[in-house]
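The values are calculated or read from the model by the stated rules, or taken from the named source; none is laboratory data. It should be emphasised that the depicted structure is a prediction, and the values quoted were computed from it without experimental measurement. Note that we place each Cβ from the backbone using ideal geometry, even for glycine, and neighbour counts take in every protein chain shown.
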Amino acid sequence: MRFEFATTGRIIFGPGTIAEVPGLAASMGRHALVMVGRSPDRSRAMVSALAEQGLETTVWHVPGEPTVELVALCAEMAAGAGCDVVVAIGGGSVLDAGKAVAALLTNRGDVMDYLEVIGKAQPLEQAPAPVIAVPTTAGTGSEATRNAVLGSPHHRVKVSMRSPLMLPRVAVVDPELTVSVPPDVTATTGLDALTQLIEPFVSPRANPVTDALCREGMARISRSLRRAWRNGTDLDARTDMCVAALFGGMALANAGLGAVHGFAGPLGGMLEAPHGALCAALLPAVLEANCRALTARAQTDPAADMSLERLGEAARILTGNRHATAADGIAWVRELCRDLDIPSLREMGLDPEDIPQAVERARQASSMKGNPVTLSTAELTEILAAALDGV
């Protein structure tokens, strides 16, 4: 057995921990780039707190999922202002944008030099500016991942800028920041978090550390996602979801992902749909396809048989039934998606005529390498056809 495990340099978790951010930033730099989403209140409060620590500040609002152009423009502005530390407060889009900008602050060249698939995928030569990542949703786990997902409207695709150097310096996970997240976002980000626990768990690159994180994370989502969706002020449920999202980020950064995320990148560029919603819509169909493919290959492939058992173990964790099978787990996920009113791919804009193009692009996605079984073009096509009209 040989494996490596790397994660964010320091993790601070708990209600009220956002109050520690200004002091942390002051220990890392003199001029903070504060990156937030659409809420001006959040940026004003942080700017005031940073000023009390003697830091200069520059604010950048990330209005949606980050694009190549947005990150390049922000990095140019931040470099001109002399920013030397990034404080990113928001959902996965804000955190990913913060990590990408931090990398461009210390590495020469254009963002396309470092992008996978559509760019040159060059490695970073210098450590990025320090990043303090403060998630306000429980989904992507971006506070503990080594990549940033960026959209390219020109190419109609979302791809990653990736490097071990891009792990944030500090993650500050404060569950109180998530209590205002509306039910629909709670649902889609929560199912993204679940996907990011199931996929590393059945990945060929899984290891004992990621296994432990995935088992714990899945158990917490099983008992708390519906609760957080029904009652956003349930802090115990929100805390469970924040733990699960964090663990998912730690797991995927070390064990990889699978076909759900292999599709989510290309579809996100084609449809301009939220990443979490795409993952939620795809998860049941991908689990079904993987289960079917693994069952067919298990008689001649020991690795397939082992992956099938992993799906069964995930099912037992999610359902709480020690006799559950992989099929029971898939049924549980389908029911969860129905209960949380997850929209279908068709509702998000996917046309049946676009399926061949989406399949071809998904086959090139790096996340496909972590799927427990290599899926054929026909099997990938069946996934999108099955997810087209939802559960």
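At a glance:
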{"quantity": "Positions within the stretch 296-342 being in contact with a helix residue (DSSP H, G or I) (Cβ under 6 Å, 6 or more places away or on another chain), outside any helix (DSSP H, G or I) and touching a residue at least 12 places away in the same chain (Cβ under 8 Å), in sequence order", "calculated": "Ala324, Thr325, Leu340, Ile342"}
{"quantity": "Those residues of the stretch 131-154 which are touching a helix residue (DSSP H, G or I) at 6+ places or on another chain (Cβ under 7 Å) and either part of a loop (DSSP other than H, G, I, E, B) or surrounded by fewer than 24 Cβ atoms within 10 Å (Cβ to Cβ) (or both), in sequence order", "calculated": "Thr136, Thr137, Ala138, Gly139, Thr140, Gly141, Thr145, Arg146, Asn147, Ser152"}
{"quantity": "Cβ-Cβ under 6 Å pairs, at least 6 apart or on other chains, the stretch 188-214 side more than 14 Å from Glu4 (Cβ to Cβ), far side among the aromatic types (Phe, Trp, Tyr)", "calculated": "Leu213/Phe247; Cys214/Phe201"}
{"quantity": "Residue in the stretch 249-295 that is nearest to Asp354 (Cα to Cα), counting only those that are outside any helix (DSSP H, G or I) and of a type in the set (A, V, I, L, M)", "calculated": "Ala273"}
{"quantity": "Index of the failed condition, Thr136 passing every other in (1) touching a Leu at 6+ places or on another chain (Cβ under 6 Å); (2) at pLDDT below 95; (3) not small (Gly, Ala, Ser)", "calculated": "(2)"}
{"quantity": "Condition check for Leu33: at pLDDT 95 or above, farther than 30 Å from Val159 by Cα and not hydroxyl-bearing (Ser, Thr, Tyr)", "calculated": "no"}
{"quantity": "Yes/no for Cys74 being crowded, with 18+ Cβ neighbours inside 10 Å, of a type outside the set (A, V, I, L, M), at pLDDT 95 or above and in contact with a Phe, Trp or Tyr (Cβ under 7 Å, 6 or more places away or on another chain)", "calculated": "yes"}
{"quantity": "Options Ala45, Ala6; residue that is among the aliphatic types (A, V, I, L, M), assigned to a helix (DSSP H, G or I) and surrounded by fewer than 16 Cβ atoms within 10 Å (Cβ to Cβ)", "calculated": "Ala45"}
{"quantity": "Selection within the stretch 222-250 - among the aliphatic types (A, V, I, L, M) and in contact (Cβ under 8 Å) with a residue 60 or more places away in the chain", "calculated": "Leu225, Ala228, Leu235, Met241, Val243, Ala244, Ala245, Leu246, Met250"}
{"quantity": "Matching residues in the stretch 145-175 - criterion: being among the charged types (D, E, K, R) and over 30 Å from Ala315 (Cα atoms)", "calculated": "Arg156, Lys158, Arg162, Arg169"}
{"quantity": "Inter-residue pairs, beta-carbon under 8 Å, first assigned by TED's automatic domain parsing to the domain that holds Asp328 and closer than 18 Å to Trp332 by Cα and in the stretch 267-286, second among the basic types (Lys, Arg) and at pLDDT below 95, 6+ apart", "calculated": "none"}
{"quantity": "Test result for Ala88, assigned by TED's automatic domain parsing to the domain that holds Met166 and surrounded by 21 or more Cβ atoms within 10 Å (Cβ to Cβ)", "calculated": "yes"}
{"quantity": "All positions within the stretch 94-117 that are touching a residue at least 60 places away in the same chain (Cβ under 8 Å) and either hydroxyl-bearing (Ser, Thr, Tyr) or not in a helix (DSSP H, G or I) (or both)", "calculated": "Glu116, Val117"}
{"quantity": "Condition met for Val179 (touching a residue at least 60 places away in the same chain (Cβ under 8 Å) and either buried (at least 21 other Cβ atoms within 10 Å of the Cβ) or of a type in the set (A, V, I, L, M, F, W, C) (or both))", "calculated": "no"}
{"quantity": "Residue within the stretch 163-170 that is in contact (Cβ under 8 Å) with a residue 12 or more places away in the chain, buried (at least 23 other Cβ atoms within 10 Å of the Cβ) and β-branched (Val, Ile, Thr) present", "calculated": "no"}
{"quantity": "Count - residues of the stretch 48-91 that are among the hydroxyl-bearing types (Ser, Thr, Tyr), over 19 Å from Asp174 (Cβ atoms) and assigned to a helix (DSSP H, G or I)", "calculated": "0"}
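Yes or no, residue by residue, for (1) at pLDDT 95 or above; (2) crowded, with 24+ Cβ neighbours inside 10 Å; (3) not assigned by TED's automatic domain parsing to the domain that holds Asp113:
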{"residue": "Val172", "(1), (2), (3)": "yes, yes, no"}
{"residue": "Gly190", "(1), (2), (3)": "yes, yes, yes"}
{"residue": "Leu197", "(1), (2), (3)": "yes, yes, yes"}
{"residue": "Glu216", "(1), (2), (3)": "yes, no, yes"}
{"residue": "Ala237", "(1), (2), (3)": "yes, yes, yes"}
{"residue": "Met241", "(1), (2), (3)": "yes, yes, yes"}
{"residue": "Leu246", "(1), (2), (3)": "yes, yes, yes"}
{"residue": "Asn254", "(1), (2), (3)": "yes, no, yes"}
